[in-house]
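Scroll down for the structure; my scribbles are underneath it.
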Amino acid sequence: MIQLDEKVYFYLLGIIPVIFVFFVLLQVWKKRTQRRFAEPLLLKRLTPDRSNFKASLKLLLFLLGLTFLTLGLVNPKIGTKLETVKREGVDIVFAVDVSKSMLAEDIAPNRLEKAKRLVSEIINQLASDRIGIIAYAGQAFPQLPITTDYGAAKMFLQGMNTDMLTSQGTAIDQAIDLAATYYNDAEQTNRVLFIISDGEDHSEGSVIEAVEKAVEEGIRVYTIGVGKTKGAPIPLKRNGVVESLKKDAQGEVVITKLNEVVLEEIADEGNGTYINGDNTAEAVDFIKEELLQMDKKEFEAKQFAEFKDQFQWFLAIGLLCLFLDIFVLDKKTQWLRKLNLFNEKEIT
């Protein structure tokens, strides 16, 4: 397992192609200048010790030295041992609404991006809880199973969009039923489901029945509302440009509204709380306090430990390359002239 401490230093590698281009231009200029000064044969006689490859060798050593010094600044670390550690936490599943109504821009930048930001901020406040992610629209889709890998959770979260599910609508009951399959630890007493949605429900089944079934399995259901109750149209974009607004079968512009009544009813039946996600900081703080009050279950998790710094090796190689670059001269050395490795014939 490799860990990088200071990734920002990778930007220093951008100077390497600049140096290379400058070197090529310099060599072209030197050759043109030398040709104006004397014929190639005469120039070789005037400068018999001039090497044709030493300049390129010096550049290679310098660029290698710069590369390894940069890697040293990044400070790669290697996890040398896989340990099983004890952790305490709650199993949390986030069910994120990815239906087209989540494209409404009554809350900046739009409802879906707001929902993703809320989930990301909640994850930032977690310490050792296990989390899973579900995407749902007309049907529910497992996005990420229960895990302690918060980095992977954020990666999957950012990839969620309204085009990932072909079946449109808002089947909250299916999301709840799917979430119930996520909690595979029979000993976990605290199971939490967060439904992040605008509350528009087009499911054919009964949401309340799904919630009651979830409660029987020990799941507490919280709902987070995103959007405004006054509603907004759904923009249809291509390459970030609004082409039109979503219309119904009669050709009327569809206005989607935050349905807090449905979300409050789900939360009440699920022994949870409805949270208005308009203010991200307040919503996250409330959720953090709720989770802190829950009993934590101890479980085992494997993780790499004893990360050891490796920067010294890169710095040593980098300094060696720069040291060699200083002592490599542009002219031929006697032993190389005798070996004639590069077929640089003597001019007599």
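The values are calculated or read from the model by the stated rules, or taken from the named source; none is laboratory data. Owing to the predicted nature of the structure, the values given are computational and were not obtained by experimental measurement. Glycine gets a Cβ as well: all are built from the backbone with ideal geometry, and neighbour counts include every protein chain shown. The area values use the complete protein model at the heavy-atom level, side chains included, leaving out ligands, DNA and RNA. Shrake-Rupley method; radii C 1.70, N 1.55, O 1.52, S 1.80 Å.
Structure notes:
- Lone qualifier among Met155, Met164 - being out of contact with any His (no Cβ under 9 Å at 6 or more places or on another chain), assigned to a loop (DSSP other than H, G, I, E, B) and under 25 Å from Gly240 (Cβ atoms): Met164
- Within the range 307-342, the set of residues being at pLDDT below 85, within 19 Å of Ala55 (Cβ to Cβ), outside any loop (DSSP other than H, G, I, E, B) and open to solvent by less than 80 Å² (accessible area, probe 1.4 Å) comprises Asp325, Leu336, Arg337.
- In the range 53-69, the residues that are more than 17 Å from Leu26 (Cβ to Cβ) reach residues that are assigned to a helix (DSSP H, G or I) and of a type outside the set (S, T, N, Q) with C-beta atoms within less than 6 angstrom, at least six apart or across chains, in these pairs: Leu64/Cys321; Gly65/Gly318; Gly65/Cys321; Gly65/Leu322; Phe68/Phe314; Phe68/Ile317; Phe68/Gly318; Leu69/Gly318.
- Top-ranked residue in the range 216-239 [being of a type in the set (A, V, I, L, M, F, W, C) and surrounded by 15 or more Cβ atoms within 10 Å (Cβ to Cβ); ranked as nearest to Ile255 (Cα to Cα)]: Ala232
- From Leu66, Leu61, residue being modelled with pLDDT under 90, within 47 Å of the chain's Cα centre (by Cα) and not in a strand (DSSP E or B): Leu61
- Restricting the range 119-165 to residues that are aromatic (Phe, Trp, Tyr) and under 17 Å from the mean Cα position of the chain (by Cα) leaves a set whose member that is least open to solvent (accessible area, probe 1.4 Å) is Tyr150.
- Test: residue in the range 247-263 that is assigned to a helix (DSSP H, G or I), open to solvent by less than 90 Å² (accessible area, probe 1.4 Å), among the acidic types (Asp, Glu) and modelled with pLDDT of 90 or more: yes
- Selection count where residues are over 30 Å from the mean Cα position of the chain (by Cα) and under 23 Å from Leu118 (Cα atoms), scope the range 234-268: 12
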